[in-house]
Amino acid sequence: MPTDTVLRFGRFEIHPAERVLRIDGENAAVGTRAFDLLFALAKRRGRLVTKQELLDIVWPGVVVEEHNIAAQMSTLRKVLGPDVIATVPGRGYRFVATADPPLPEAMFDPAAPSQHNLPAQRTRFIGREAALAGLARLLPQARLLTLTGIGGCGKTRLALQFAQQQLEMFPDGVWFVDLAPLNDAARVSSTCAASMGLREEGDRPLIERLCGRLGTRATLLVLDNCEHVIDGVVALVDALLAGTSGTTILATSREALGVGGEQIYPVRSLSLPATDELQAVLAAESVRVFVDRARLALPDFEVDAANATPIAEICRRLDGIALAIELAAARVTMLSVTEIAARLDDRFRLLTGGNRALPRHQTLQAAMQWSYEQLAQQEQWMLRQVSVFAGGWTLRAAADVAQVDDEYGALALLTVLHDKSLLVVDRDVADGRPRYRMLETVRQYALDRLNECEEAEAARNRHTTHFLALAEEADQQLRGPGQDAWINRLRQEHENLVAALTWCCEASVDPQAGLRLAAATTFYWVWNGVELGHRLARAVLEHDRTAADTPARTSTLRAISKLSLFRGNYQESLCYAQQALDVARRVGVPRPLVMALDELGSALNTVGRVDEALQLHEEALARARSLDDASLLPLLLNSTAESKRSAGQLDEAEHCYREALEFARRQGGRLGMVVPLNNLIRVLVARGQLEQARSMAIECVPLVRDHKVGVDLLEATVGLASRLCEHQAAARFWGAADQTLQQWGYKHQPVDVDHTAPLIAESRRALGDAAFEAAEKAGRTLGFEAAMLELEQWLELAA
């Protein structure tokens, strides 16, 4: 390396001419010997440098003890951290940091030639820096290192690149053995021997001769594509690990070998763009591979602002699978990247025509089929059945949908699929229960097999049955102390709920199942997608062409009315609420009738028919009290209070709100408490009881800090700020509340508008139009979390 060349790696810079190490541009405190040691390793980056070689370089002509190296290395690691220089126990050290930008090979001292049969690669190796560094840390500690991963994820390419980097560590040879062409596990040993030039002779067993040949020699054996001849591989590996002392084995397989002492290294997909911004797209490994392979066909192919988004979409939808991305890139000669992205729903027909020699790497379909054919019949069944899940699943759900006797049977089959790299386990979940999912490419392949076997309708019916049971169980718990846990659980199953409701609209499913599912998820959709919930509920209602009078139909009509009300479609809400009550009266089941009365009362209140609303609310309350069902009372009392507030009956409204709050506290669900609390704030503001209103707002803050219902507190506090003559705060909170409601698809309720509008007008008069509009605009830019933080701080100051 020329002395005027600066070597940069991360935050560090080596300046040979000045003989200094700089960190973030500042000189680091390292001595002469430490710098010489670092520079010597950097010049030989990537290869093993023995202790004796370092002694000869750093202390030329001087007899010193080996502990001098250890002392200088300790100094360097205090400055550089543990990830720049790797220790190879008993042998030496290796510089493993990546230069930025990479420097030409000619600038480094060449490595000594090593005996190997590694095939030359025809395309550039891109990315995987973290994987290579991770493997370099693991290899000195494990004699068997197995790279596992889904077919096409790049295990072989990574193994070859890593083996190339390790040539100097294994002076007695690096041998690559491709097992893909084998159909007989008994041929593994002979294939390995042939790769090393060892022929069968006499009666001496071949494995014994291999052990004798390798003995104590420092040799790396790369066994590629082990999964289909795994029994033969295990026999060979066991014998070599027991019969030699210098042999290290690097294996690639879609599943672990299961040999004692095996170190497994899962090969992840290529990194994906974090956002669609151009720089984030360009930085992703998957995009870099796509661009590199696309340029093999179109040398002038570039990523720019116009095509960055579809390229990012291609890489994400292909899960960062290297083979899939390379095959997609090959299509740029005939299709634009936008057209490629649009055709990925049919990816197995699109992604064909690769140039690889192996048939199973010539198409994405073939790569998936290879894995599928390695599964036992029951394992194939499980893979097909779980393909109906969207967004992952639990162990219980898998057992239900796959019709396995119990969760332990399901666990055994899922474990096999995981071990064969066909599903992913997500352990970082809020409730501590692992979730399972497939990469979308695997899921699409499994869905094709499900349809091909004519099992799709039955599997989707069982999927719907499972999530209907879950939703109805949740509906019973959503207003109690476990409310947050159940909402989070439904949130985890959001995509499955959408899939089940969609299936209920498309197939020959009992319409009652769809109606029940729509009704049971109403409370969830109010806070997690009011527009989507409304659309799905309408769809299942339309699918029920018999329109039979049932409790489920009543509840779905009521659900649509409620969701319409939150969306601000008040006439639609009234129409569906009236239908719900008509059906409920004909059915005569008490609880659905009470709920329908309440829903119609709320709908009438929003359109100004307050007297009729009050009559229905009073009837609903009377029926609920006669049922001795306290679970309904917080909702019914709050609805009644809303109508009384619309009628100007503030004393009676306050009484109902307080009673609703009392029942809600007993139930323990925070949302049941928050709604009457916010409404009480409005009543107290209207009556001039500002200190009580402020106290209730402070009580409300921790209940809503991380929930959408906090926007209602923002809006309620607008009036409090105005009455306290804090007009600047009133304008900001109004801007934040109005903007957030619009973004989430909600509308201000008429009774709240009637309360807030004159107070906003008062703040506007006090500030003047220009100042008010500036403060309101600033509030709109806050974002929900920032607005809630500002509200909390303002309430503390107001105290």
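The values are calculated or read from the model by the stated rules, or taken from the named source; none is laboratory data. What you are looking at is a predicted structure, and each value in this text was computed from that prediction instead of being measured. Heads up, the Cβs are rebuilt from the backbone with ideal geometry, glycines too, and the neighbour counts pull from every protein chain shown. Note: accessible area is taken over every heavy atom of the protein model, side chains too, but ligands, DNA and RNA are not part of it. Shrake-Rupley method; radii C 1.70, N 1.55, O 1.52, S 1.80 Å.
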A careful count of residues in the range 672-695 that are open to solvent by less than 10 Å² (accessible area, probe 1.4 Å) and among the hydrophobic types (A, V, I, L, M, F, W, C) gives 8
Inside the range 493-512, can you point out the residues that are open to solvent by less than 20 Å² (accessible area, probe 1.4 Å) and not in a loop (DSSP other than H, G, I, E, B)? N496, L497, A500, L501, C504
For residues that are open to solvent by less than 20 Å² (accessible area, probe 1.4 Å), not hydroxyl-bearing (S, T, Y) and not in a loop (DSSP other than H, G, I, E, B), tally how many sit in the range 542-564. 5
Positions within the range 310-345 being under 20 Å from the mean Cα position of the chain (by Cα), among the aliphatic types (A, V, I, L, M) and outside any helix (DSSP H, G or I), in sequence order: L318, I321
Take residues that are among the hydroxyl-bearing types (S, T, Y) and tell me which of the helices (runs of 4 or more DSSP H) falling wholly in the range 724-799 contain 1 or more. 727-744, 750-767
Kindly provide the set of residues from the range 214-244 that are in a helix (DSSP H, G or I), more than 21 Å from A136 (Cα to Cα) and hydrophobic (A, V, I, L, M, F, W, C), ordered by number. L214, V229, I230, V233, V234, A235, L236, A239, L240, A242
Pull out all pairs, ordered by first then second residue, where Cβ-Cβ is under 6 Å, the residues are six or more apart or on different chains, the first lies in the range 288-308 and is under 20 Å from F125 (Cα atoms), and the second is in a loop (DSSP other than H, G, I, E, B) and of a type in the set (D, E, K, R). D292/R124
Just to verify a result, which residue in the range 650-671, among those that are touching a Leu at 6+ places or on another chain (Cβ under 8 Å) and not hydrophobic (A, V, I, L, M, F, W, C), is most open to solvent (accessible area, probe 1.4 Å)? R658
With the first residue restricted to the range 484-513 and required to be closer than 17 Å to G391 by Cβ, and the second required to be in a helix (DSSP H, G or I) and open to solvent by 50 Å² or more (accessible area, probe 1.4 Å), Cβ contacts under 7 Å at 6 or more apart or on different chains are W503/R460
From R449, R462, which residue is open to solvent by less than 50 Å² (accessible area, probe 1.4 Å), under 17 Å from A499 (Cβ atoms), in contact with a helix residue (DSSP H, G or I) (Cβ under 9 Å, 6 or more places away or on another chain) and touching a residue at least 24 places away in the same chain (Cβ under 8 Å)? R462
Give the range 170-193 a look and list any residue that's touching a strand residue (DSSP E or B) at 6+ places or on another chain (Cβ under 7 Å), open to solvent by less than 10 Å² (accessible area, probe 1.4 Å) and not in a loop (DSSP other than H, G, I, E, B), or say none. V174, V177, C192
Considering G127, G149, which residue is at pLDDT 85 or above and either open to solvent by 20 Å² or more (accessible area, probe 1.4 Å) or farther than 14 Å from I249 by Cα (or both)? G149
Go through (1) in a helix (DSSP H, G or I); (2) within 26 Å of the chain's Cα centre (by Cα) and name the single condition E457 misses. (2)
Among the residues of the range 203-212, the number that are open to solvent by 80 Å² or more (accessible area, probe 1.4 Å) and either modelled with pLDDT of 75 or more or not charged (D, E, K, R) (or both) is 1
Cβ pairs under 7 Å, 6+ apart or interchain, first in the range 572-589 and part of a helix (DSSP H, G or I), second open to solvent by less than 70 Å² (accessible area, probe 1.4 Å) and of a type in the set (K, R), ordered by first then second residue, are A577/R558; A580/R558; V583/R553
Identify, by number, the condition in (1) without any contact (Cβ under 8 Å) to a residue 60 or more places away in the chain; (2) within 45 Å of the chain's Cα centre (by Cα); (3) assigned to a helix (DSSP H, G or I) that P634 doesn't meet. (1)
Write out, first by first residue and then by second, each pair whose Cβ atoms fall under 8 Å of each other, whose residues are 6+ apart or on separate chains, and whose first residue, in the range 408-422, is under 22 Å from K155 (Cβ atoms) while the second is open to solvent by 40 Å² or more (accessible area, probe 1.4 Å). V416/A376; H418/V424; K420/Q374; S421/P266
If V587 satisfies all but one of (1) under 25 Å from P750 (Cβ atoms); (2) open to solvent by less than 50 Å² (accessible area, probe 1.4 Å), what's the number of the condition it fails? (1)
Pair list, Cβ under 7 Å, 6 or more apart: the range 773-799 residue open to solvent by 40 Å² or more (accessible area, probe 1.4 Å), other residue not hydrophobic (A, V, I, L, M, F, W, C): K777/G735; R780/G735; R780/Q739; L782/E790; A798/R694; A799/R694
If only one of R723, R764 is over 31 Å from the mean Cα position of the chain (by Cα) and more than 27 Å from E662 (Cβ to Cβ), which one is it? R764
With the structure loaded, tell me whether G735 is closer than 27 Å to G529 by Cβ, surrounded by 19 or more Cβ atoms within 10 Å (Cβ to Cβ) and modelled with pLDDT of 90 or more or whether it fails that test. yes
Considering only residues that are touching a residue at least 24 places away in the same chain (Cβ under 8 Å), open to solvent by 40 Å² or more (accessible area, probe 1.4 Å) and closer than 28 Å to F566 by Cα, which ones fall in the range 753-772? D754, E762, R764
Would a scan of the range 591-608 turn up a residue that is outside any helix (DSSP H, G or I), open to solvent by 30 Å² or more (accessible area, probe 1.4 Å), under 25 Å from L650 (Cβ atoms) and not small (G, A, S)? yes
Of everything in the range 233-253, what is open to solvent by less than 10 Å² (accessible area, probe 1.4 Å) and of a type outside the set (V, I, T)? Give them in sequence order. L236, L240, L250, A251, S253
Out of (1) free of Cβ contacts under 8 Å to residues at least 12 places away in the same chain; (2) aliphatic (A, V, I, L, M); (3) open to solvent by 50 Å² or more (accessible area, probe 1.4 Å), what's the single condition that is false for A330? (1)
